[in-house]
Amino acid sequence: MIHPRTLYSIEFHRILERLAALCVSSVGKKRALSLSPLPDAESVTSAAQMYEEAKSWALNPVSSDTTFSLRTFPDVTVLLEAVQSNPNHLNLDLEAFWALREVLRQAQEAHLSIAVSDAAKRWPHLLQMVENAPLPKQLIAALLRCISDDGLLRDESSPELFHIRTELRHLHQNCIRKVKDYVQQYNMLPYLQDEFITLSSDRYVLPVKATYKRQMQGIIHDWSQTGETCYFEPMFLLEINNRLQGLKREERDEERKILKYLQELLVPEISGVQAAISMLTQLDVMQAARRLADMFDGRILPLTDEDEGICLLQTRHPLLMLNLTDGADGAKTHTLASIQKKIHPLDIIMRPGERILIITGGNAGGKTVCLKTLGLVTAMTLCGLPVPVGLGSHVPWFNRMDAFIGDEQSLADNVSTFTAQIEHLSKAWKYLDHDGLVLLDEFGAGTDPAQGAALAQAVLDGLLDKHTFVLAVTHFPSLKIYALTHEGAKAASMLFDPKDRKPLFKLAYDQVGASLALDVAREHGLPEEVLLRAKQYLLQNEEDSTALIDRLNILAIRREKEIAKLVNEQDKVRCHAERRYAQLEKERIRLQDEIRHQISEIMRAWKEDKVSHKLTIKELSCLRNSLLVDHGDNESSILEIHTLFNGQKVLHKMFNKLGVITEIDEKRCRVRLDMHGVSLWASVKDICLQNETSAYPTAQNTGAIFNSKNKENNILRLDIRGKRTDEALLELEHFLDKALLNGFTELEIVHGRGTGTLRRHVHNFLHSFPAVERFAIAPENNGGDGMTIVLLR
């Protein structure tokens with residue numbers, strides 16, 4: 001909980017006023033002004049996710065058909081409350097239903113824009129919001145059918161209304177025709193004030209000049225304000241006007257029936273309408289929050305565990321940013337870039353284990369601004385609003401924040417500033433714990449300095465025992481020492497320019513600062529003789545540590561410049577790396593496209609019978625060889641043959657696959673590997689131990705990579721024993737294709753002895769395969785007639 005007094009002291013209400021001004025609806029403005037910190041961390045995280053999704057939804061719509069822009073809509077909440085409290089005795093007029101129509105039409109458009117096919121992936125929290133607010137579809141359809149955009153009842157609202165209005169139009173045309181014939185027949189045009197027919201009391205009349213009123217038979221219904229024109233109903237229009245009166249009465253009766261029908265639809269759907277209004281209101285506030293973020297380059301500040309401390313990087317006071325954004329008349333006076341140059345950013349950091357940050361420095365140096373910045377940024381974060389901070393910033397969840405800022409004296413309550421602070425602290429003390437944040441601005445300064453400083457230190461001790469986060473601003477020397485000597489406390493100082501003694505509005509850590517009271521007094525016009533006497537009193541009391549503080553300030557400024565230079569260099573290196581990565585990615589894509597094109601050309605030529613199957617295989621093999629990667633084997637890393645043993649797992653570098661050693665040939669420095677059913681001989685140069693795999697690219701990244709200079713030492717083996725003939729031949733065909741593509745020339749095919757049927761089919765297939773140069777039964781000591789050795793062209 002954050003007390004309203006604390007929110008007021010950090011000027012949170014001014015943020016809400018700026019947010020409300022950016023809303024497009026009156027209900028949105030009310031919702032914005034009533035925002036308060038959310039009750040728990042889960043709610044804050046959910047609100048932050050909702051904001052990010054709403055931002056993505058607004059800036060990156062799925063298609064042009066689903067683009068939605070919230071427009072101003074009327075507030076119908078009072079109307080709904082009236083209907084809900086008295087549904088049987090309240091008759092709504094057409095204007096009320098038109099307002100309701102405008103609200104529900106926008107809600108329907110928002111529903112359609114959010115609930116797209118992949119909404120669950122794009123914006124799940126927004127989707128959940130609209131699903132929790134189901135639309136009153138029957139009421140919406142009726143309102144859209146009955147009421148037009150200009151707020152009138154459509155002719156199609158009911159068959160009866162359509163028939164009545166059609167007859168009225170026919171009657172009007174008939175009346176115009178009769179009047180025209182009458183005027184022409186009796187040459188009445190000089191008697192008329194205007195050449196048109198008009199209505200008076202729902203009756204057709206002619207505007208006749210007053211001097212000719214006795215020239216015609218009929219009834220005078222009204223006079224103009226000047227008295228020069230009388231509105232005259234000729235006798236021949238009497239019957240038509242009587243019929244007109246009847247139709248108008250029927251029209252009004254039918255319109256009342258339609259409005260009553262709409263009200264009957266509304267009563268059971270009031271909860272759905274209220275949910276739709278709540279959804280639009282929430283969208284309005286989130287849209288205003290996004291516009292607010294654009295004004296000060298804001299982003300959502302993530303919540304982290306309290307053990308990670310507080311980290312606000314490149315943060316600026318939100319109100320200072322907004323005040324420069326708009327002038328006194330609300331017009332935009334500065335660009336965002338110029339504002340960021342005028343408002344100096346601060347890094348407010350409490351590292352893990354640190355709970356108290358004590359800031360010192362000169363008057364008007366920015367200490368209180370730093371204090372309010374942390375408080376305001378925290379309050380906005382706990383409301384789910386974006387804040388002006390840099391990337392990498394974070395704060396923990398705070399269930400309570402108390403601020404002691406400014407003059408809190410009250411003549412009405414008969415309390416002084418010091419008394420008011422003590423009363424506030426005593427009421428809050430029992431609620432403060434590790435999830436609390438306390439902001440102390442010159443706490444204890446309203447009483448005797450020695451006693452006030454002692455009390456302030458005792459309060460800091462107590463808060464440190466409670467593990468409460470504290471940001472304190474002070475001029476007390478004892479608190480400066482406290483910050484430098486107590487574990488869990490940290491000192492910081494607002495820097496000043498050593499030449500002109502003006503503040504730099506920069507925060508330097510692990511040092512204390514001077515108050516610069518005399519320099520500030522001189523800056524604001526205090527007589528020089530008064531300042532000289534103050535200087536003498538200061539020297540008499542042996543309390544002038546200006547030289548030491550000035551030296552520390554100069555060192556801190558130098559350190560800040562070095563840090564800024566290092567950060568700038570770091571940014572340059574990161575930007576260079578990003579550009580280089582983008583170039584490499586672009587080159588990779590270009591190379592992939594080129595390879596695909598070459599493969600496509602080779603395969604197209606083969607399909608069109610322009611090249612043979614054998615030549616196609618060779619061209620593909622050559623293309624693959626052009627992409628071979630040489631890992632640059634280090635001779636010192638080649639395994640010794642005598643250190644290997646059967647059953648040992650090793651990595652085949654060229655295949656980038658693990659295999660198990662099944663046989664060792666020390667004479668030829670090679671081993672036979674079993675790689676998931678595929679057996680081959682491999683030179684010790686082509687294998688490495690399993691823990692050396694990090695030196696070689698993974699199969700997922702590069703595919704199988706072969707070293708062409710060692711292929712002659714590699715012999716692939718295929719075992720097809722126990723398989724059906726058609727299955728074995730299909731596997732053999734794939735095996736031969738892969739061997740050709742990878743550049744292997746010697747193969748071993750294990751088919752077993754058995755009845756010899758499988759061996760015969762294998763040999764017949766090898767006879768017909770164009771890439772096979774010759775094949776033969778293996779020697780008896782190497783498998784005999786159970787294995788065939790194949791040499792490829």
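The values are calculated or read from the model by the stated rules, or taken from the named source; none is laboratory data. Keep in mind it's a predicted model, so treat the numbers as computed, not measured. All Cβ positions, even for glycine, are placed from backbone atoms using ideal geometry, and neighbour counts span all protein chains on display. Calculation scope for accessible area: heavy atoms of the full protein, side chains included, ligands and nucleic acids excluded. Shrake-Rupley method; radii C 1.70, N 1.55, O 1.52, S 1.80 Å.
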What residue, among those in the range 236-267 that are open to solvent by less than 30 Å² (accessible area, probe 1.4 Å) and among the β-branched types (Val, Ile, Thr), is nearest to residue 84 (Cα to Cα)? 258
I need the full set of residues from the range 450-480 which are open to solvent by 50 Å² or more (accessible area, probe 1.4 Å), assigned to a helix (DSSP H, G or I) and more than 20 Å from residue 365 (Cβ to Cβ), in order please. 450, 451, 454, 455, 457, 458, 461, 465
Considering only the range 81-119, how many residues are within 34 Å of the chain's Cα centre (by Cα) and either of a type in the set (Gly, Ala, Ser) or under 17 Å from residue 273 (Cβ atoms) (or both)? 17
Collect the residues in the range 269-314 that are farther than 30 Å from residue 139 by Cα and hydroxyl-bearing (Ser, Thr, Tyr), keeping them in residue-number order. 304
Those residues of the range 296-319 which are farther than 17 Å from residue 391 by Cβ and either charged (D, E, K, R) or modelled with pLDDT under 90 (or both), in sequence order: 305, 306, 307
Taking only pairs six or more apart or across chains, which ones have beta-carbon atoms under 8 Å, a first residue in the range 169-189 that is more than 25 Å from residue 246 (Cα to Cα), and a second residue that is surrounded by 13 or more Cβ atoms within 10 Å (Cβ to Cβ)? 183/192; 188/182; 188/216; 189/183
Can you name the number of the only condition in (1) under 30 Å from residue 303 (Cβ atoms); (2) within 21 Å of the chain's Cα centre (by Cα); (3) of a type in the set (Ser, Thr, Tyr); (4) not in a helix (DSSP H, G or I) that residue 69 fails? (1)
Quick one: how many residues across the range 406-423 are crowded, with 18+ Cβ neighbours inside 10 Å and at pLDDT 85 or above? 1
Quick check: anything in the range 171-188 in a loop (DSSP other than H, G, I, E, B) and open to solvent by 30 Å² or more (accessible area, probe 1.4 Å)? yes
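So, in the range 350-388, how many residues would count as being among the polar types (S, T, N, Q) and open to solvent by 10 Å² or more (accessible area, probe 1.4 Å)?
2
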Kindly evaluate residue 758 against the criterion of being in contact with a Ser or Thr (Cβ under 7 Å, 6 or more places away or on another chain), in contact (Cβ under 8 Å) with a residue 40 or more places away in the chain and assigned to a helix (DSSP H, G or I). no
Anything in the range 133-151 that is more than 16 Å from residue 261 (Cα to Cα) and open to solvent by 100 Å² or more (accessible area, probe 1.4 Å)? List them, or say none. 150
Wholly within the range 1-59, which helices (runs of 4 or more DSSP H) include no fewer than the required count, namely at least 3 residues that are surrounded by fewer than 18 Cβ atoms within 10 Å (Cβ to Cβ) and in contact with a helix residue (DSSP H, G or I) (Cβ under 8 Å, 6 or more places away or on another chain)? 12-21, 41-59
Conditions first: (1) free of Cβ contacts under 8 Å to residues at least 24 places away in the same chain; (2) open to solvent by 40 Å² or more (accessible area, probe 1.4 Å). Residue 313 passes all but one, so which condition is the exception? (1)
Qualifying residues in the range 745-768 (those that are touching a Leu at 6+ places or on another chain (Cβ under 6 Å) and surrounded by 19 or more Cβ atoms within 10 Å (Cβ to Cβ)) - the one farthest from residue 722 (Cα to Cα): 747
